[in-house]
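Below is one structure, written out as structure tokens; comments come after it.
The values are calculated or read from the model by the stated rules, or taken from the named source; none is laboratory data. Fair warning: this is a prediction, and the values are worked out from it, not measured in the lab. Every residue, glycine among them, receives a Cβ derived from its backbone with ideal geometry; neighbour counts consider all protein chains shown. Keep in mind that these areas ignore ligands, DNA and RNA; they rest on the heavy atoms of the full protein, side chains included. Shrake-Rupley method; radii C 1.70, N 1.55, O 1.52, S 1.80 Å.
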Amino acid sequence: MSNSKNKWLVPLAFTNIYVIWGITFLAISFGLKGFPPFILSGLRFLVAGILMIGYLLSKGEKANSLINWKKNAITGILILTGGTGLVAWGEQYVTASEAAISIATGPFWFIAIDKKNWKYYFSDKFIPIGLVIGFVGLVLFLKGSVNSNAAHIVANGQLRITAFVVLGLSSVAWVLGSLYSKKNPASQSTFMNIAQQLIIAGLASFLIAFLRKEWVGFTVSAIPLPAWLGVLFLIFFGSIIAYLSYIWLLSVKPAALVSTHTYINPIVTVIAGWIVAHQSINGSQLYGLSIILLGVLLTNVTRYFKLSKRSKVKLRRLRRFFNKPGKRYQPV
């Protein structure tokens, strides 16, 4: 791909994962106005996956490897059905902003679960400091959430606590799926892997919906327009455009840089929730969000510094090259 194309594709892709994934939490809350959580997730994933795999098959790609389907099934069930499907369940009892802030703790779970690299993680003094600060921020945020005086919160206090626990489990599922995918990559194109993950995740979500009896009494005719708009946004923007942007960015930019969406998504959700749905967070929740983001930043600060240092080294090498005798750049 030419540099001229990359110049506008990179910022566009970053905008997609920053803004779209932030709004996704709000779109889920709209979808829940007409769909039970796992029917919503199943429809979102399955339609997106069928659209993608249909396009890929029309281009001549093959999807007949059972081993690849198995690997993508495990990844899709963990990351999408578990990671994202549980978010939809949790948003029945918490606001989109609260769900997004809870998910912002994902990097902490990644460090906690990735036991193989503990020696590397904890040799960096900023990482344990960031973990402690992030945990304090999470406690402050949860305390502010439980103590809120909103009527719907008082009525569903116990369910809200359960929802925050489930949101924590969703982050764990996402991390487990990411680690499995990294250690057991499927031998296909990235797009085909994503399509298979979406299809399996959609079928698994529908199965859970059946076991939870979400289909009982569910009628399409009763679904309001805002719920349909939420589903359409989740299918085309959340599951296709933003997800593809994320995977593509990982192939052209350092993972530490791409992971900055962790900081931006909750802020976008809070702003969008305030503008569109008149959602708000109290002072304790806001302080908790700030401290959580500070902790996440500290756990990654060394990687960002190394990234910046490498860029400076490359720049110095280029300058030395062009300043060599006989190599000096002459303007045309």
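Out of all the residues in region 166-178, which are under 12 Å from Asp114 (Cβ atoms) and open to solvent by less than 20 Å² (accessible area, probe 1.4 Å)?
Val175
What about Phe322, is it modelled with pLDDT under 70, touching a Lys or Arg at 6+ places or on another chain (Cβ under 7 Å) and more than 25 Å from Ile79 (Cβ to Cβ)?
Numbers: modelled with pLDDT under 70: yes; touching a Lys or Arg at 6+ places or on another chain (Cβ under 7 Å): yes; more than 25 Å from Ile79 (Cβ to Cβ): yes.
Spelling it out, Phe322 is indeed modelled with pLDDT under 70, touching a Lys or Arg at 6+ places or on another chain (Cβ under 7 Å) and more than 25 Å from Ile79 (Cβ to Cβ).
With Trp109, Trp118 as the choices, which residue is without any contact (Cβ under 8 Å) to a residue 12 or more places away in the chain and among the aromatic types (Phe, Trp, Tyr)? Before the answer, list the steps.
Values: Trp109 fails: without any contact (Cβ under 8 Å) to a residue 12 or more places away in the chain.
Exactly one residue qualifies, and that residue is Trp118.
Scan Ile235, Ile247 and give me the residue that is under 18 Å from Pro36 (Cβ atoms), open to solvent by less than 60 Å² (accessible area, probe 1.4 Å) and either part of a helix (DSSP H, G or I) or modelled with pLDDT of 85 or more (or both). So that I can check it myself, show each step before the final result.
On the way: Ile247 fails: under 18 Å from Pro36 (Cβ atoms).
Matching residue, one of Ile235, Ile247: Ile235.
Hey, can you tell me all the residues within region 45-67 that are over 27 Å from Val252 (Cβ atoms) and either hydrophobic (A, V, I, L, M, F, W, C) or under 19 Å from the mean Cα position of the chain (by Cα) (or both)?
Residues of region 45-67 over 27 Å from Val252 (Cβ atoms): 46-47, 50, 64, 66-67.
Leu46, Val47, Ile50, Leu66, Ile67, listed by residue number.
Only one residue in Ile194, Ile223 is out of contact with any helix residue (DSSP H, G or I) (no Cβ under 8 Å at 6 or more places or on another chain) and open to solvent by less than 70 Å² (accessible area, probe 1.4 Å), so which one is that? Spell out how you get there, then give the answer.
Values: Ile194 fails: out of contact with any helix residue (DSSP H, G or I) (no Cβ under 8 Å at 6 or more places or on another chain).
The match here is Ile223.
Inside region 209-230, can you point out the residues that are in a loop (DSSP other than H, G, I, E, B) and among the β-branched types (Val, Ile, Thr)?
If the condition is that a residue be in a loop (DSSP other than H, G, I, E, B) and among the β-branched types (Val, Ile, Thr), then Val216, Thr219, Ile223 are the ones that fit.
Could you tell me which numbered condition Gly83 fails, if it satisfies all but one of (1) in a helix (DSSP H, G or I); (2) surrounded by fewer than 23 Cβ atoms within 10 Å (Cβ to Cβ); (3) touching a helix residue (DSSP H, G or I) at 6+ places or on another chain (Cβ under 7 Å); (4) not charged (D, E, K, R)?
With respect to (1) in a helix (DSSP H, G or I); (2) surrounded by fewer than 23 Cβ atoms within 10 Å (Cβ to Cβ); (3) touching a helix residue (DSSP H, G or I) at 6+ places or on another chain (Cβ under 7 Å); (4) not charged (D, E, K, R), Gly83 is out only on (2).
How many of the residues in region 44-62 are in contact with a helix residue (DSSP H, G or I) (Cβ under 6 Å, 6 or more places away or on another chain) and either buried (at least 22 other Cβ atoms within 10 Å of the Cβ) or not acidic (Asp, Glu) (or both)? Spell out the reasoning first.
First, pick out the residues of region 44-62 that are in contact with a helix residue (DSSP H, G or I) (Cβ under 6 Å, 6 or more places away or on another chain): 44-49, 52-53, 56, 61.
From what is left, the residues that are either buried (at least 22 other Cβ atoms within 10 Å of the Cβ) or not acidic (Asp, Glu) (or both) are 44-49, 52-53, 56.
Final tally of qualifying residues: 9.
With the checklist (1) modelled with pLDDT of 60 or more; (2) part of a helix (DSSP H, G or I); (3) surrounded by 12 or more Cβ atoms within 10 Å (Cβ to Cβ) in hand, flag the one item Ser280 doesn't pass.
(2)
Could you say which residue among Ile133, Ile77, Ile129, Ile39 is open to solvent by less than 30 Å² (accessible area, probe 1.4 Å) and in a helix (DSSP H, G or I)?
Working: Ile133 fails: open to solvent by less than 30 Å² (accessible area, probe 1.4 Å); Ile77 fails: open to solvent by less than 30 Å² (accessible area, probe 1.4 Å); Ile129 fails: open to solvent by less than 30 Å² (accessible area, probe 1.4 Å).
None of the other options fit; the residue is Ile39.
Do we find a residue being open to solvent by 40 Å² or more (accessible area, probe 1.4 Å) and either among the aliphatic types (A, V, I, L, M) or touching a Cys at 6+ places or on another chain (Cβ under 6 Å) (or both) anywhere in region 94-102? Show your work before the answer.
Residues of region 94-102 that are open to solvent by 40 Å² or more (accessible area, probe 1.4 Å), as a first pass: none.
Scanning region 94-102, I find no residue that is open to solvent by 40 Å² or more (accessible area, probe 1.4 Å) and either among the aliphatic types (A, V, I, L, M) or touching a Cys at 6+ places or on another chain (Cβ under 6 Å) (or both), so the answer is no.
Going by the conditions given, is Leu51 part of a helix (DSSP H, G or I) and at pLDDT 90 or above?
Details: part of a helix (DSSP H, G or I): yes; at pLDDT 90 or above: yes.
In short, yes.
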